[in-house]
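Only one structure is covered here, and it is reproduced in the block below.
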Amino acid sequence: MSIENTAKHPIPAGFEDALVNAADYERLYDESISDSEGFWAREGKRLDWIHPYSIVKNTDFTMGQVSIKWFEDGILNVAVNCIDRHLPTRANQTAIIFEPDDPTAPTRHITYAELSDRVNRFANVLLSQGVMRGDRVVIYMPMIPEAAYAMLACARIGAVHSVVFAGFSPDALANRINDSGAKLVITADTAPRGGRRTALKSNTDAALLHCSDRVRCLVVKHTGDQTTWIEGRDVDVLKLMSEVSPECPPRPMNAEDPLFILYTSGSTGKPKGVVHTSGGYLAYAAMTFKYVFDYRDGDVFWCTADVGWVTGHSYILYGPLANGATTVMFEGVPTWPDASRFWQVCEKHKVTQFYTAPTAIRALMGQGPEWVDKHDLTSLRILGTVGEPINPEAWVWYDKHVGKGRCPIVDTWWQTETGGHMITSLPGAIEAKPGSATLPFFGVKPEVLDAQTGEVLKGNPAEGVLCIADSWPGQMRTVWGDHERFMETYFQQYPGYYFTGDGCRRDEDGYYWITGRVDDVINVSGHRMGTAEVESALVAHEKVAEAAVVGYPHHLKGQGIYAYVTLMNGVDPSDELKRELETWVRTEIGPIAKPDLIQWAPGLPKTRSGKIMRRILRKIAENDYGALGDISTLSEPAVVEDLIENRMNRP
Ligand code: WTA
């Protein structure tokens, strides 16, 4: 399926004047590594500080004492940096273009002045509900401007937001409300998407049954759909916003005060709350946005992610707004009403930078180029991808049909934990290779380590696990409420390094190629999923005795979810039961976690000490059972024969 292509793709014409050219990249990158403090002392100034920092960097990757602080004595307010400071020059410029799910419904252009009004009012509503500095607020919203207002309103008053993707189930929402200890949840009546509606308010009602009854619920009446209403708990936000003052003084915050918590999947246990702080995160999101997308005044930037993921945080909201940019918020999906929706929106708003996930590109590629070709895409200047490795075929299609060979493609590798882009090409500086994230961003020091010995592999080519040798301002600071887990997850295995969880190859030219996760995290349509989460959802079903979940290559999703399920004694397997388990997982976690393939497993391959041998399960799921390797340590080798015999993934 993949096209072997390691040749560099020349930078298209017209990028001679990019913000960063090849010579700048080399010079600035060297400086950012050799004089990290000097480099970031200067870069931190792209933010407005109420009280400037005198200490730039204070970081320690030593296991047991990991501590990460940037600009630690600086005082600022994130909302002021995203709104107020632009008002003297950009009050009438559009900050957010809202494109609704229904293409015939009106688009909204929200200027910086309007954004300021809404965010101040929203902030006053939060204060009126008793939300104070440091309190947590969960946001469970559709992709509508009110989601952005809510996030920025939290930032304005120093509350910590935790956005939960609207595709998550009530259970998943309840877990996040409880783990973060949120005082308040903000939601909407219903969320239209692809012509259907998700009942966010009733999901929230269901979630709140499992939370403290002190948690209040702010509701944005978005569609006007009927919902239940609990007096004293539920609050009509839009109504209150019209009643409160349009001025709310920003709270001066310390650079290291948390800005948000975002839950993400790990290889074990329940999702962890990744904590990002105010100063370093914003400086890093702002800087990567500007350079990686070569953003200029007058550009219209569109990132198709959801604000429920880190990509939405950094590149729909914080990065663009910190730069005074115009950013598109799209409520819909790429394939509804038809496969031309993305291109129709690009044409309508004259989008200049378009940033999406490989899974979307593959889905649209499958519909044929005619959906793209009928639209005028001459406004596009730069294309980007994120979320998973892009297969060269999809890269070539994106370049040819969307970019018409004129637009550099930036393949941006990064993670929820990193806050912003880490390894990526730059439009006017780094020649792309289809499928490679290319070279490190300023201040990022990647190393490839031997997975077993932990030895740093010098020289090219090299293949191993990807680690980062030094801190950068956008780095996560801790796991919410569990610093021990933070250290164990990222700093224990390879002492002195931040371990990314990704495998990686560095080629002869020093280009980085991400080969996928080396832990039990899978990447389904660019959504990160812990196999352990899906397993615990499955075993929570009364008919399931045991379950093991692995990823397998999927032509559209990148990876699909393959579940091996052992049923309780006396329960008969059936297709009906499969459907039942699929629905079960959807309600336990959300639709994105639904297994693609379920195999009934009379037993699972285990070592004599009882550990499930996932390596074998992965191979069978990949239909690559010829390469099982050593199975002599299995307690019951016959189990494997049965699994191979009845494997589900046969092309
Ligand atoms: C994968 C999304 C290859 C990787 C921003 C990483 C990528 C995980 C790329 C993080 C890319 C992300 N090329 N792989 N350009 N971007 N990944 O936390 O495995 O949702 O560890 O952050 O996605 O996913 P997360």
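Which residue, Y562, S32, T478, has the largest displacement toward the positive end of the dipole of the chain when charges sit on each Cβ (Lys, Arg +1; Asp, Glu -1)? My answer, from the dipole projection, is T478.
Remark: spin-label model distance D17-R296 equals 0.5 nm, labels positioned 7 Å along the Cα→Cβ axis.
Taking amide H positions as modeled 1.01 Å from N, with prolines and chain starts lacking one, the residues under 5 Å from L457 and 5 or more places away or on another chain are V448, L449, D450. Taking amide H as placed 1.01 Å from N in the peptide plane, L259 has its amide H under 5 Å from the amide H of H276, T277, S278, each at least 5 places away in sequence or on another chain.
Take the Cβ atoms of M63 and H375, set R0 to 60 Å, and the FRET efficiency comes out at 0.70. Seen from W229, the other residues with C-beta closer than 14 Å to its C-beta sum to a net charge of -1, counting Lys and Arg as +1 and Asp and Glu as -1. Rounded, prolate or oblate: which one fits the range 236-336, using the alpha carbon gyration tensor with axes a ≥ b ≥ c (rounded when a/c is under 1.5, else prolate when a/b beats b/c, else oblate)? Note, shape of the range 236-336 comes out rounded. Between the listed residues I612, T412, T438, the Cα displaced farthest toward the positive end of the dipole of the chain, a dipole computed from Cβ unit charges relative to the Cα centre, is found at T412. For the range 217-264, the solvent-accessible area with a 1.4 angstrom probe is 49 square angstrom per residue.
In the range 447-601, what is the count of Lys pairs whose alpha carbons are under 24 Å apart, counting only pairs at least 8 residues apart or on separate chains? Write down the numbers at each step before the final one.
Values: K543/K578; K543/K594; K557/K578; K557/K594; K578/K594.
Counting lysine pairs in the range 447-601 gives 5.
I want to make sure I understand the PRE zone here: with the label point 7 angstrom from the Cα of L238 toward its beta carbon, which residues in the range 150-191 have backbone N atoms less than 15 Å away? Output list for this probe position: 150, 187-191. Full extension of the chain between E580 and S536 yields a length gain of 14.3 nm, computed as 0.36 nm times the residue separation minus the alpha carbon distance. Extending 7 Å from the Cα toward the beta-carbon at both H210 and E247 defines two label points whose distance is 4.5 nm. Within the range 504-595, none of the chymotrypsin sites (Phe, Trp or Tyr not before Pro) combine a DSSP coil assignment with at most 10 other C-beta atoms in a 10 angstrom radius. Scalar couplings 3J(HN,Hα) for the range 256-269, obtained by applying the Karplus form with A = 6.51, B = -1.76, C = 1.60 to θ = phi - 60°, are 8, 5, x, 9, 7, 10, 10, 7, 9, 7, x, 7, 10, x Hz; x denotes Gly and Pro.
On the chain, 50 percent of the accessible area sits on carbon and sulfur atoms, based on a 1.4 Å probe.
Rounded to 0.05, the FRET efficiency of the A105 and V456 pair, given R0 = 45 Å and the Cβ-Cβ distance, is 0.25.
Under a point-charge model restricted to the Cβ atoms of Lys and Arg (+1) and Asp and Glu (-1), what is the dipole moment magnitude of the chain relative to its Cα centre, in debye to the nearest 20? Walk me through the numbers before you get to the answer.
On the way: 64 positive and 83 negative charges, 184 e Å.
It works out to roughly 880 debye.
For N178 and Q129 in the same chain, what is the full-extension length gain: residue separation times 0.36 nm, less their Cα-Cα distance, in nm? Kindly include the intermediate steps, with their values, before the conclusion.
Details: separation 49, 0.36 × 49 = 17.64 nm, distance 1.87 nm.
Working it through step by step, the gained length comes to 15.8 nm.
When each of the peptides 103-113, 484-494, 312-322 is scored by how many other beta carbons lie within 10 Å of its residues on average, the order from highest to lowest is 312-322, 484-494, 103-113.
Please give the calculated 222 nm ellipticity per residue for the chain, where each DSSP H segment of at least 4 residues contributes -39500 (n - 2.57) and the sum is spread over every residue; nearest 500 deg cm²/dmol?
On the way: 20 runs with 180 residues, N = 651.
Theoretical 222 nm ellipticity from helices: -8000 deg cm²/dmol.
When the trypsin sites (Lys or Arg not before Pro) in the range 113-167 are filtered for DSSP coil states and for at most 12 other beta-carbon atoms within 10 Å of their beta-carbon, the remaining sites are R133. V274 sits among other residues whose Cβ lies under 10 Å from its own Cβ, and their net charge, with Lys and Arg +1 and Asp and Glu -1, is +1.
By its C-alpha gyration tensor, with a ≥ b ≥ c as the square roots of the eigenvalues, how is the chain shaped: rounded for a/c under 1.5, else prolate for a/b larger than b/c, else oblate? Show your work: numbers first, answer last.
Numbers: a/c = 1.40, a/b = 1.17, b/c = 1.20.
In terms of gyration-tensor shape, rounded.
Of K445/K606; K221/K348; K290/K445; K201/K270; K69/K611, which pairs sit farther than 30 Å apart, going by alpha carbon to alpha carbon? Check vs 30 Å cut-off fails for K445/K606; K69/K611.
Per residue, how much accessible area does the range 556-651 show when a 1.4 Å probe rolls over the protein heavy atoms, in square angstrom?
Numbers: 5030 Å² over 96 residues.
Here the per-residue accessible area is 52 Å².
Using the Cα gyration tensor of the range 26-106, with a ≥ b ≥ c the square roots of its eigenvalues, what is the shape: rounded (a/c below 1.5), prolate (a/b larger than b/c) or oblate (neither)? Prolate, because a/c is 1.5 or more and a/b exceeds b/c. The H on the amide N of R136, modeled in the peptide plane, is under 5 Å from the matching H of V160, K183, each at least 5 residues off or on a different chain.
The order of T277, T587 by accessible area, most exposed first and with a 1.4 Å probe, is T587, T277.
Please give the contour-minus-distance gain from R27 to T228: 0.36 nm per residue of separation, less the Cα-Cα distance, rounded to one decimal in nm.
Working: separation 201, 0.36 × 201 = 72.36 nm, distance 5.98 nm.
Extra length available between R27 and T228 comes to 66.4 nm.
Distance between the modelled labels on S54 and E641, one decimal in nanometres: 7.6 nm (7 Å Cα→Cβ projection). For the range 18-85, the solvent-accessible area of protein heavy atoms averages 45 Å² per residue (probe radius 1.4 Å; ligands and nucleic acids excluded).
The string of couplings for the range 189-197 from the Karplus curve (6.51, -1.76, 1.60, θ = phi - 60°) is 4, 9, 10, x, 7, x, x, 10, 10 Hz, one whole number per residue in order, with x for Gly and Pro.
The values are calculated or read from the model by the stated rules, or taken from the named source; none is laboratory data. Just so it is clear, the structure is predicted and the values come from calculations on it, not from any experiment. Note: ideal-geometry Cβ built from the backbone for every residue, glycine included; neighbour counts use all protein chains shown. For accessibility, only protein heavy atoms count, side chains too; no ligands or nucleic acids. Shrake-Rupley method; radii C 1.70, N 1.55, O 1.52, S 1.80 Å.
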